[in-house]
1. Under a crude label model (7 Å from the Cα following the beta-carbon direction), how far is Y179 from D228 in nanometres?
2. Choose one answer from S144, S94, S69: the residue with the largest mean-square fluctuation in a GNM of the chain with alpha-carbon springs under 10 Å.
3. Short version: ³J(HN,Hα) in whole Hz for each residue of the stretch 191-198, in order, from phi by Karplus 6.51 cos²θ - 1.76 cosθ + 1.60 (θ = phi - 60°), x for Gly and Pro, what are they?
4. For the full complex of protein chains and a 1.4 angstrom probe, list S172, S2, S149 by accessible area with the highest value first.
5. Give me the 1.4 Å probe accessible area per residue for the chain, excluding ligands and nucleic acids, in Å².
6. Might you report the magnitude of the Cβ-based charge dipole of the stretch 95-244 about its Cα centre, with Lys and Arg at +1 and Asp and Glu at -1, to the nearest 20 debye?
7. With respect to the cross-link table entries K74/K103; K20/K87; K25/K128; K57/K128; K9/K87, which display a Cα-Cα separation exceeding 20 Å?
8. Taking all protein chains as present, what is the carbon and sulfur share of the accessible area of the chain, in % to the nearest whole number, probe 1.4 Å?
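The values are calculated or read from the model by the stated rules, or taken from the named source; none is laboratory data. All values reported here derive from a predicted model rather than from experimental measurement. Backbone-built Cβ (ideal geometry, glycine too); neighbour counts: all protein chains shown. Protein only, heavy atoms only, side chains kept; ligands, DNA and RNA dropped before computing areas. Shrake-Rupley method; radii C 1.70, N 1.55, O 1.52, S 1.80 Å.
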Amino acid sequence: MSNNILEGKRGIIFGALDNKSIAWKVAEHAHAEGATFVLTNAPIALRMGTINELAEKTGSKVIPADATSMDDLKALYEGAMKELDGKIDFVLHSIGMSVNVRKGRAYYEQNYDWTMKGYDVSAMSFHKTMQAAWELDAINEWGSVVGLSYIAAQRVFHTYNDMADNKAVLESIARSFGYHYGLRNKVRVNTISQSPTDTTAGSGVDGFDGFYRFANDCADYCISLFSDYTRKVTMQNLFHDGGFSFTGMSETAMDTYLKVLEEEKKG
Ligand SMILES: NC(=O)c1ccc[n+]([C@@H]2O[C@H](COP(=O)([O-])OP(=O)(O)OC[C@H]3O[C@@H](n4cnc5c(N)ncnc54)[C@H](O)[C@@H]3O)[C@@H](O)[C@H]2O)c1
C-alpha cells in the first residue's frame, strides 16, 4: 500500500533500534510514501542496534541524540534541517524505558533514582523534543508530532509498573504542547495508544510477548497522522487497539471464563 501521501515531507524518526521496533516500521512506510527523513537514537542504542541497515534501505542519515539532552536535541534539529534542506514536517517520538521494569522492581518498591531516569527518558523527553524544535522554530506550519502511548495510562495493567505514570504524563504533554504549538504554528501533537506489540521494549513487560506483531498496522496509523488528511486532529490520545479500550468483555474472553467456571464446578 503506497500512495505517496508523504511526498515532499521531511521528518525526524526517533527510536528505531532493530527491525522489530515500531519506529523501524514507520521509517519503512514513510519511505514508501515518499517522505525523506533523518533517523535518530541514543548513542548507546546506535552502537547496539542495526540502524545503519535501515538508513541504507531508506536513504537516510543517522544523527545520534540522547532525547533527554536539550543540547543533543537542538544539534539534531539543526543537522536534520541542513541534511533535508528545510524545516521539519513530522516527528515520531517512539521512546520508552523503565529501569524499575528492567530490574524487576515492583510498583510499590520503586528505586526513585530509576523512576526519575525512566520518567526523563519516557515522558519528559517528549516535552524536550518539542521545546527544542520550538526554540529553533524547526517545524513547518501544519507539521505533525506523534508520541506512542499505552492504555495503562488510563487503566491498571499491573506489570506495566511506573511506565503507566510516564504514559499518563506523555499524553498530558501532547495536550498541553499541542495547544501552544497549534496556536503558534498550526503544528499538531497527538499520542497513539498502541496495543501490545512484539518489540524489544514490549518484551520487557510480562504478558506482552504473546501478542502478534502489530507494528506495521501502527506504522500505517502514524503515516496517516503525518499526512495532510489529518491536519485538524490534535491534542488527542488516539487508541489503536482494534476496539479493545471500549470493549466490556469479548465473546472469546467470556467463553474462556465460562469454561474455567465449568472446570471448577467439575472439581
Ligand atoms: N511494544 C509495545 O507493545 C508498545 C505498546 C504501546 C506503546 N509502545 C511504545 O512504543 C514506543 C516504541 O517502543 P517499541 O515497542 O518500538 O520498542 P523499542 O525498544 O524498539 O523502542 C524504544 C526506543 O527508545 C529508545 N531510547 C531509549 N532511551 C533513549 C534516549 N535516552 N534517547 C533516545 N532514544 C532512547 C531505544 O533506543 C529504542 O530505540 C515506546 O514509547 C513504547 O512505550 C510500545
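1. Output for this residue pair reads 3.1 nm.
2. Top of the fluctuation ranking is S69.
3. Ordered by residue, 3J(HN,Hα) equals 10, 9, 8, 8, 6, x, 9, 6 Hz.
4. Details: S172 45, S2 65, S149 5 Å².
Largest to smallest exposure gives the sequence S2, S172, S149.
5. Details: 13630 Å² over 267 residues.
Accessible area per residue: 51 Å².
6. Values: 14 positive and 16 negative charges, 59 e Å.
So the magnitude is around 280 debye.
7. Working: K74/K103 32 Å; K20/K87 29 Å; K25/K128 24 Å; K57/K128 29 Å; K9/K87 9 Å.
Exceeds cut-off: K74/K103; K20/K87; K25/K128; K57/K128.
8. Numbers: 7070 of 13630 Å².
Roughly 52 percent, rounded to a whole number.
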